[in-house]
Amino acid sequence: MWSRREWTLVVLGGLALAVLLTWPTLRDPRHTVPGDIGDPAMFAWQIAWAGHALLHGPSQLWDSNTFYPDPHSLAFTDTVLGYAPLGMFGSGMEAALLRYNILYVLLHALAFVGAYALTRQLGAHPLGATVAGVAWAFSPWRLAHVGHLNVISTGGIALSLAMIARGHGWSLRRGHRPDRHSAWWALAGWLVGAWQITLGLAIGLVFAYVMVAVCLVAAAFYGWAWWRRGRPAFGRRLLAADLIGGVFFGAATLYIGLAFSRVVELNPQADRALSWTELYSPAWRGLFVAPESSWLYGARHAVARAELAWPPEMALLPGIALIILATTGMFFSVFRVRHRILLTVGTLVAVLLTLGATLPWHGDPGYLTLSKHLPGWSALRTPGRIMVWTTLLMAILAAGAVSAFVAEVRGAAPWRKPGTARSGPVARGKFVVLRLALLIPLVLVVVDGINRTPHPEVLRYPAAMRVAAEPTLVLPSGGSLEMSIMLWSTNGFPRIPNGIVTFVPTGQERVRSSSMTFPDTASIAALRADGIRSVVVLPEWLSGTPWEGVPGRPIDGLGITREDIDGAILYRLG
């Protein structure tokens, strides 16, 4: 079991690493976001709305202020509901950005701590666990997803597995030790897993199926022990903890799953065909190509990246250092041979699933098979995100290799050899060099994870929105601007038809279509029928859109008013 000192050092070290390897995220956290001003703005709004709803109307949680008048709109895209309590602190757009940026750093720290805890529990030396934590939390492929909070929020996966393994007294290095059973650790692991599920099904659904597989294996082990020994292998308290924890985990999965099922029921166009999976399946060479924002490989891989159909989902380099260390860990490790074989097979399976439909047999059997037969899997249109599991398994293999290096160096200590002088300067000097060499794997995975992610400033909040009566339509409607509009709406949460997801909701399509001739008699009548009381027009964004001519159209006799406010135009429909 870890000492308190080790826990403290790991947590503080994880926080320091997260701040350093995500820099400059915390340099100006109230005005900038990592990556771009698209998805981060949407997730900042999402967390803010969830916290606002918990404080002021929990029953309206899923019916957000965006996509008015469509219901159940919070579930129109993957939802990081587990972060909702953080949204209860502070208010307004700057608070939403500050909250998002702090959370962005913390989730990297949690990923490091989770992987460290898991590999330590499995039997790795602290240095091996540190290498694994850095390699997993800051793997280069994650840099393509800096704006996808639902994809990079993975720390709960490793931490949950670590706690459950600790509760069952199991490790790769020492096997099953019944004297180490702890029902409370096991229950805590299941609860952390349940929380992880609430951070979105893009990653959580695969996690849920992995946990089902773990339970099936554990049940087989339990039944075998009962048959051979006539008594339970885990004990009643531990079994009760697993059952109670499993209920919470299943309930969280069902709750989130039903929310998204309701969206498909209300909007059949939201259902994703297998053609999406085929479109986003990466080629094998993508496993060796880094995202543009990788400091070490970004520019060097520019040509290879240009050959990928969709680099944000297909540049999947786990890290050159991790590949080398994981490969070494297949043959040289503190873990048992049979466990290394299982980890290697698991890594290979994860890689095959990662490639989706680009395999010679088109992913069936494989990813497409799972899409056809496992509930919800077809909604996971991006096979490349299985890299979460590929890199985790590789990190465990790497931890085993580094731990073996540590053991070898310890065995080479001069005072461990008969007849060697303890204080001999030459012998001690060589030993110091060997110990320093142990840091090389850690330095390499840190360098692999250095980013050059841009941190643009978000778009300025239009003053016209502050005085507009809601529900308010902001024009132009459509495209990436919608995410900034969603972020702006954290100032008071006015109801707006604006928002963007991978499909167009029925109500939004109706409002958007009726507004294209605005302002005229027909459009005003249609907007009023949908409850719209104000229209805010942003002239600088109108070029090339159906609303390009709006500022020049007369409003005489239409029963509305117009006011120019700091570069925007506010129409009051009455």
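Some points to look at:
- Cβ pairs under 8 Å, 6+ apart, first in region 440-454 and touching a residue at least 40 places away in the same chain (Cβ under 8 Å) and open to solvent by less than 20 Å² (accessible area, probe 1.4 Å), second hydrophobic (A, V, I, L, M, F, W, C) and part of a loop (DSSP other than H, G, I, E, B): V445/F138; D448/F138; D448/L296; G449/F138; T453/V146
- Extreme residue, nearest to the chain's Cα centre (by Cα), among residues of region 501-534 that are hydroxyl-bearing (S, T, Y) and not in a helix (DSSP H, G or I): T502
- Output for region 119-140, where each listed residue is open to solvent by 10 Å² or more (accessible area, probe 1.4 Å), of a type outside the set (S, T, N, Q) and in a helix (DSSP H, G or I): R120, P126, L127
- A Cβ distance below 9 Å, combined with a sequence gap of six or more or placement on separate chains, defines the contacts here; from region 29-45, residues that are under 15 Å from Y83 (Cβ atoms) and open to solvent by less than 20 Å² (accessible area, probe 1.4 Å) reach residues that are assigned to a helix (DSSP H, G or I) and acidic (D, E) in the pairs M42/E482.
- Residue in region 364-383 that is closer than 20 Å to I152 by Cβ and part of a helix (DSSP H, G or I) present: yes
- One residue stands out in region 335-366 among those that are open to solvent by 30 Å² or more (accessible area, probe 1.4 Å) and among the β-branched types (V, I, T): the one that is nearest to A407 (Cα to Cα), namely V337.
- In summary, helices (runs of 4 or more DSSP H) completely within region 249-317 and bearing 3 or more residues that are open to solvent by less than 60 Å² (accessible area, probe 1.4 Å) and modelled with pLDDT of 95 or more occur at 302-306.
- Number of positions in region 506-535 that are touching a Gly at 6+ places or on another chain (Cβ under 8 Å) and open to solvent by less than 50 Å² (accessible area, probe 1.4 Å): 4
For every residue, the table says whether it meets (1) crowded, with 18+ Cβ neighbours inside 10 Å; (2) within 23 Å of the chain's Cα centre (by Cα); (3) outside any helix (DSSP H, G or I).
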position: V151; (1), (2), (3): yes, yes, no
position: G156; (1), (2), (3): yes, yes, no
position: S160; (1), (2), (3): yes, yes, no
position: W185; (1), (2), (3): yes, no, no
position: V192; (1), (2), (3): yes, yes, no
position: V212; (1), (2), (3): no, yes, no
position: A218; (1), (2), (3): no, no, no
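- Every residue from region 559-574 that is assigned to a loop (DSSP other than H, G, I, E, B) and under 12 Å from V535 (Cβ atoms): I560, L573, G574
- Any hit, region 53-60, residues being more than 26 Å from G204 (Cα to Cα) and touching an Asp or Glu at 6+ places or on another chain (Cβ under 8 Å): no
The values are calculated or read from the model by the stated rules, or taken from the named source; none is laboratory data. Predicted, not measured: the structure shown is a model, and the values here were computed from it. We place every Cβ from the backbone using ideal geometry, glycine too, and count neighbours over all the protein chains shown. Accessible surface is based on the protein model in full, side chains and every heavy atom, while ligands, DNA and RNA are left aside. Shrake-Rupley method; radii C 1.70, N 1.55, O 1.52, S 1.80 Å.
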